[in-house]
Amino acid sequence: MAGKAVGKQSVSFENPPVICGAGSVVGKKESEGPYGGYFDEVEEDPKVGADSWEEAEGKLQAKAAGIAMEHAGINKEKLRYIVAGDLLGQLMASSFGLINLGVPLFGVYGACSTMGESLGIASMLIDGGFADYILAITSSHFASAEKQFRFPLGYGNQRPRAATWTVTGSGAVVLRSAMAEKQEGERLSAKVEGITTGKVIDLGIKDSMNMGACMAPAAGEVIFQNLTDFGREPEDYDKIITGDLGMVGKDILIDYMRTRGFEITEQYMDCGIEIFSEDQNTQAGGSGCGCSASMLAGYILKQLEEGKWKRILFVPTGALLSQVSFNEGNSVPGIAHAVVLENI
């Protein structure tokens, strides 16, 4: 076991789990962005035929899970576990959306960093020999997030320039053991070489409409720790990809990394900045669990599968606030989890 633990916060897998299937489902606005052609399915109906925004988000997860399993060449009976989470109270999108699969489920919460947490936990379970196949999945929905964390849509409040737009979407991946038999039709896209689990970082920022500033220090810390633990430089990665720091968080992160002795500008990419175009009126960019997850399943893994990128550091980022913490005047801590992905 000591051989797998690397440095202070990282794990290097002896038999790196393989991502053998992925599925991405997004809303209409996301499909109109620069990467619209990469997503597997576009939902024109924001309620996905449901009666509520929360139920709609659960349906996004169910659809993404089905696509990921299809691409992996497996059915639900092959899955040993699901590791899933979302932004809603009691993870209701995950629990209601995935209930019909009937698969043992670990419900996890890392705010918008949840896809990194899900991938990390699933990879450790597989490398530890506890499962051959695991589904890692998360989601978000613009309307359900606004309803829970901000203002009802009918209120029509103005959004500051530092605010981000919650992505309506879900991303899912099927991971399998490197020792498991390859299934007919599965799409090998990448392997999980290692992970660096992030810490909660709180610099006392209380502006919940500027989540990029809240999350950037946590992203900086986990990237720094990954480079330190693995003895790497930024150029050892083709891309260092954060989840949803947006335009404000991007500048903070780059400056933060410079204070730690690393220049990441050339490798850096943020899913929140990329998923929408400048003319889509999303202020600082996209956010939400579904932002990095749909970009991972829809775009990022395809670049690895095609060999355009050899190794990347995928760093979903999360702002750990709730209605209770915000209304009690607390600051907004951040967290980020880093996953090392390599092409096969």
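The values are calculated or read from the model by the stated rules, or taken from the named source; none is laboratory data. These figures come from a predicted structure and were not determined experimentally. All Cβ positions, even for glycine, are placed from backbone atoms using ideal geometry, and neighbour counts span all protein chains on display.
Out of 240, 273, 252, I need the residue that is on the phi < 0 side of the Ramachandran plot, surrounded by 24 or more Cβ atoms within 10 Å (Cβ to Cβ) and either assigned to a helix (DSSP H, G or I) or modelled with pLDDT of 95 or more (or both). Which one? Write out each step before concluding.
Numbers: 273 fails: surrounded by 24 or more Cβ atoms within 10 Å (Cβ to Cβ); 252 fails: surrounded by 24 or more Cβ atoms within 10 Å (Cβ to Cβ).
Answer to the check: 240.
For (1) farther than 18 Å from residue 296 by Cα; (2) free of Cβ contacts under 8 Å to residues at least 12 places away in the same chain, each residue gets a yes or a no:
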| site | (1), (2) |
| --- | --- |
| 208 | yes, no |
| 214 | yes, no |
| 218 | yes, no |
| 225 | yes, no |
| 251 | yes, yes |
| 260 | yes, no |
| 265 | yes, yes |
| 273 | no, no |
| 286 | no, no |
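Taking the residues in region 221-237 that are more than 21 Å from residue 292 (Cα to Cα) and charged (D, E, K, R) as candidates, determine which candidate is surrounded by the most Cβ atoms within 10 Å (Cβ to Cβ).
229
Out of all the residues in region 10-28, which are over 21 Å from residue 115 (Cα atoms) and surrounded by 15 or more Cβ atoms within 10 Å (Cβ to Cβ)?
Listed by number, the list is empty, since nothing qualifies.
Residues that are crowded, with 19+ Cβ neighbours inside 10 Å, touching a Gly at 6+ places or on another chain (Cβ under 8 Å) and farther than 18 Å from residue 337 by Cα: does region 256-269 have at least one?
Scanning region 256-269 turns up no residue that is crowded, with 19+ Cβ neighbours inside 10 Å, touching a Gly at 6+ places or on another chain (Cβ under 8 Å) and farther than 18 Å from residue 337 by Cα.
For residue 287, state whether it is under 29 Å from residue 205 (Cα atoms), surrounded by fewer than 24 Cβ atoms within 10 Å (Cβ to Cβ) and either within 18 Å of the chain's Cα centre (by Cα) or at pLDDT below 95 (or both).
no
Name every residue in region 177-206 that is assigned to a strand (DSSP E or B) and farther than 15 Å from residue 343 by Cα, in order of residue number.
195, 196, 201
Residue by residue through region 289-339, note down the ones that are touching a Phe, Trp or Tyr at 6+ places or on another chain (Cβ under 9 Å), among the hydroxyl-bearing types (Ser, Thr, Tyr) and within 27 Å of residue 89 (Cβ to Cβ).
The answer is 292, 294, 322.
Please enumerate the residues belonging to region 317-331 that are surrounded by fewer than 24 Cβ atoms within 10 Å (Cβ to Cβ) and either modelled with pLDDT of 85 or more or assigned to a loop (DSSP other than H, G, I, E, B) (or both).
Hits for region 317-331 are 320, 321, 322, 324, 325, 328, 329, 330, 331.
Identify the residue in region 332-344 that is hydrophobic (A, V, I, L, M, F, W, C) and assigned to a strand (DSSP E or B) and, among all such residues, is nearest to residue 20 (Cα to Cα).
Ranking the candidates gives 341 first.
Could you list all residues from region 36-51 that are without any contact (Cβ under 8 Å) to a residue 60 or more places away in the chain and of a type outside the set (Val, Ile, Thr)?
36, 37, 41, 44, 45, 47, 49, 50, 51
Only one residue in 275, 254, 300 is of a type in the set (A, V, I, L, M, F, W, C) and more than 25 Å from residue 168 (Cβ to Cβ). Which one?
Only one candidate qualifies: 254.
Across region 168-193, what is the number of residues that are under 22 Å from residue 291 (Cα atoms) and among the small types (Gly, Ala, Ser)?
6
Output the number of residues of region 288-307 satisfying the condition of being part of a loop (DSSP other than H, G, I, E, B) and touching a residue at least 40 places away in the same chain (Cβ under 8 Å).
1
Is it the case that region 138-151 has a residue that's aliphatic (A, V, I, L, M) and at pLDDT below 95?
Scanning region 138-151 turns up at least one residue that is aliphatic (A, V, I, L, M) and at pLDDT below 95.
Out of region 127-138, which residues are out of contact with any Phe, Trp or Tyr (no Cβ under 8 Å at 6 or more places or on another chain) and surrounded by 24 or more Cβ atoms within 10 Å (Cβ to Cβ)?
Within region 127-138, 133, 136, 137, 138 qualify.
Of all residues in region 228-243 being in contact with a Ser or Thr (Cβ under 9 Å, 6 or more places away or on another chain) and hydrophobic (A, V, I, L, M, F, W, C), which is nearest to residue 309 (Cα to Cα)?
Checked region 228-243; the qualifying residue nearest to residue 309 (Cα to Cα) is 241.
Quick one: would you say residue 87 is under 15 Å from the mean Cα position of the chain (by Cα), buried (at least 21 other Cβ atoms within 10 Å of the Cβ), in a loop (DSSP other than H, G, I, E, B) and on the phi < 0 side of the Ramachandran plot?
yes
Quick check: anything in region 46-67 surrounded by fewer than 17 Cβ atoms within 10 Å (Cβ to Cβ), of a type in the set (Ser, Thr, Tyr) and in a loop (DSSP other than H, G, I, E, B)?
yes
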